[in-house]
1. With angles folded into 0 to 90 degrees, how steeply does helix 222-236 sit against the dominant principal axis of the chain? Use alpha carbons for both and round to 10.
2. Once you keep just the Cα pairs under 8 angstrom separated by 6 or more residues, what percentage relative contact order results for segment 99-253?
3. With springs only between Cα atoms under 10 Å apart, run a GNM on the chain and tell me which of GLY221, GLY157, GLY266 wobbles the most.
4. So how far apart, in nm, are the two label points at GLU75 and ALA155 if each is 7 Å from Cα heading toward Cβ?
5. For PHE17, what accessible area in Å² do you get when you roll a 1.4 Å probe over the heavy atoms of the protein chains, rounding to the nearest 10?
6. For ARG132 and GLN399, compute 0.36 nm times the residue count separating them, minus their Cα-Cα distance, and round to one decimal in nm.
7. What trypsin sites (Lys or Arg not before Pro) in segment 279-350 are in a loop by DSSP, with at most 14 other Cβ atoms within 10 Å of the Cβ?
8. Mind listing the phi-derived Karplus ³J(HN,Hα) values for segment 345-350, rounded to whole Hz, using 6.51, -1.76 and 1.60 with θ = phi - 60°, and x for any glycine or proline?
Amino acid sequence: MKCPKCGREYKAEIPPFCICGEELEITYDYSSVDTRKWKNRRPGVWRYKELLPKVKKIVSLQEGGTPLIKARISEQLNVDVFIKDETRNPTGSFRDRLATVAISYGLPYAKNGFIVASDGNAAASVAAYSARAEKECFVVIPRKVDKGKLIQMIAFGARIIRYGESVDDAIEYAKELAKLNGLYNVTPEENIVGLEGQKTIAFELWEEINPTHVIVPTGSGSYLYSIYKGFKELIEIGALEEMPKLIAVQTDRCNPIASEILGIKGECKETKALGLYVREPLMKPKVIRAIRESSGTAVLVSEEEIEKGERLLANEGIFAELSSAVVMPALIKLVNDGFIEKGDRVVLVVTGSGLKTGEGGREKFGIGGTKLEILKILKDGEKYAYEIWQALGKPVKYQAIHQHIKELQELGLIEEAYRRGKRIYYKLTEKGIRLVDNL
Ligand SMILES: [Zn+2]
């Protein structure tokens, strides 16, 4: 695509801004789009191919086309509420919409593979689609990620690089690594191609119920912005008259976007909704513009309300990750405030599955920690617990070694090699070898 201001051409990665400063946006020939053609195609992201970048080969796992479920809470609130269940995407989150488009488009440019900076869902998804495309995948993730997402990345064979406290730090680092190593960077803040996939949820919602309000969990804001672009294009092609109101939900602990919309002092502390822990969203100006243009608003929820949201969604039969559970308390607040009224058609976007969080909350498996040392020790040969303890050569309780071994086994990084008497010898699994080699 060409920059509308300076004419500079972008072929591979399309950054959000041209080097001349102009904002870049992928556009299409809107006059020729015939939405009647969509009806004859099967549900999913590529059903809307006229409004997606042209690709030579589609890398797909049948993403998109997710169920829209009438919520039981509708009766209680006297409003029509629907849950868009994005947990039913191939890797359990909305990011599969991004991955199918970004990986398909980037395939010719990804000589040495793909890279993404992510707090979890995008990394898990890009890892899956890279595996499908038979390409190497590098993921740059912050120190703390949801355990289930980490297990997905490992299972798909991604090379995992831990960097920084929140995803903000990872983005810069991924950009450098991409340049140095000839990797195609699909981080949404660095390459807007994948956002084109994410916007297809707007087309689905329009076909399904043509909503009046869409409530979106907001971390980086990339999903909210994508949804905005999708509805804007529906207006562009003459299929829709009025944009639904877009509502960003953030937590009262981290709210760089919501605080600006609400005109209050912002916070950016860690929250249990890890997907919403983005301190300085690079897309913030775009996201704020999208919310304002749609006459939408923002809502803050507390850590306690997130737990309540999880239970309320579970009552509906939906198991959401905490970052998605925020939509329920947000809905209740908006109804109480009169922002949503009888006759409105409200969509709650449930972005990711609760299975991704992992049992017992967050995985704190630090790469610099004892576990990594154990992996390195086992790289030199099979050992049993007491030998590992001795080889560590530092004051760790012997009992703790058993716990580390158990957790490393659960992560699929080590396994039993053989037994000699009562001694169980452990060795690295293939995944474990890959992880140690990566670091
Ligand atoms: Zn330019």
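1. So the helix axis and the longest Cα principal axis differ by about 30 degrees.
2. Over segment 99-253, the number comes to 21 percent.
3. Among GLY221, GLY157, GLY266, the largest mean-square fluctuation in the Gaussian network model of the chain belongs to GLY266.
4. 3.6 nm
5. Probe radius 1.4 Å; accessible area of PHE17 about 100 Å².
6. 92.0 nm
7. Hits after loop and neighbour filter: LYS342.
8. Result, ordered by residue: 10, 9, 10, 9, 8, 9 Hz.
The values are calculated or read from the model by the stated rules, or taken from the named source; none is laboratory data. It should be emphasised that the depicted structure is a prediction, and the values quoted were computed from it without experimental measurement. Methodologically, a virtual Cβ is constructed for each residue, glycine included, from the backbone with ideal geometry; neighbour enumeration extends over all protein chains shown. These area figures cover heavy atoms from the full protein model, side chains too; ligands, DNA and RNA do not enter into them. Shrake-Rupley method; radii C 1.70, N 1.55, O 1.52, S 1.80 Å.
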